[in-house]
Amino acid sequence: SGWLAWREAPAWRADLRTAAGEQLTRSLDDGTRLVLNSGSAVDLRYGAAERRLVLVAGEVLVTTGQETQRAYRPFVVQTPQGEVQALGTRFSVRLIDDRTEVMVFEHAVLARPAHGAPVRIDAGQRGSFTRGQAGALAPVDDSAALWEQGMLVVRDQRLADVVAELARHRPGVL
């Protein structure tokens, strides 16, 4: 039980979090809108130099707001593998095992692996990265953000992958 508590502690202490089967929509002071998917947790670290969101677990859909400060502060989502900087946009970031997956729905982001070269991901593209490198870009499926509305669309996926995705959205064993 001590190991489980230690492993899950960052998510329990996060500024915003959701349990299995839960979603949370929050508007921030700068007009940014966050939607946390099931089993997600984020910390907010807004400062004078930047607006930083630390994704501790799960997935978040971000619609960046207009900067309200006189000096421009970039909006950055930090993950264990690196960071994603918004370039005025709507995008999602998801932690999957030892990689970060990014899907861009409007404008673009700059994905920076911790120890690799940055890559620009434009609207309609998806990409992923580990601590060492960014993967190849691919098109975003039109239904990729429908989870925000409580829908899960499945096409050409293995049954094991579908069951794993459904299990994220409900407590207990599926």
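If you roll a 1.4 Å probe over the heavy atoms of the protein chains, what accessible area per residue do you get for the chain, in Å²?
Details: 9640 Å² over 174 residues.
Here the per-residue accessible area is 55 Å².
For the range 18-174, the fraction of 1.4 Å probe accessible surface lying on carbon and sulfur atoms is 50 percent. If you model the range 49-115 as an ellipsoid using its alpha carbon gyration tensor, with each semi-axis the square root of five times an eigenvalue, the axes come out at 20, 13, 10 Å, biggest first. Can you give the log10 of the normalised intensity I(q)/I(0) at q = 0.16, 0.17, 0.30 Å⁻¹, computed with Debye over equal Cα scatterers of the range 130-174? Listed by q, the Debye log ratios stand at -0.63, -0.70, -1.09. Direction-averaged projected area, Cα convex hull, the chain: 10.7 nm², rounded to one decimal. Taking only the C-alpha atoms of the range 89-165, the Rg (one decimal) and the largest Cα-Cα distance, Dmax (whole number), read 13.1, 36 Å. Assign one of three labels to the range 26-84, namely rounded, prolate or oblate, based on the Cα gyration tensor with a ≥ b ≥ c the square roots of its eigenvalues; rounded applies when a/c is under 1.5, prolate when it is not and a/b is larger than b/c, and oblate otherwise. In terms of gyration-tensor shape, oblate.
The values are calculated or read from the model by the stated rules, or taken from the named source; none is laboratory data. It should be emphasised that the depicted structure is a prediction, and the values quoted were computed from it without experimental measurement. We work out accessible area using only protein heavy atoms, side chains counted, and drop any ligands, DNA or RNA first. Shrake-Rupley method; radii C 1.70, N 1.55, O 1.52, S 1.80 Å.
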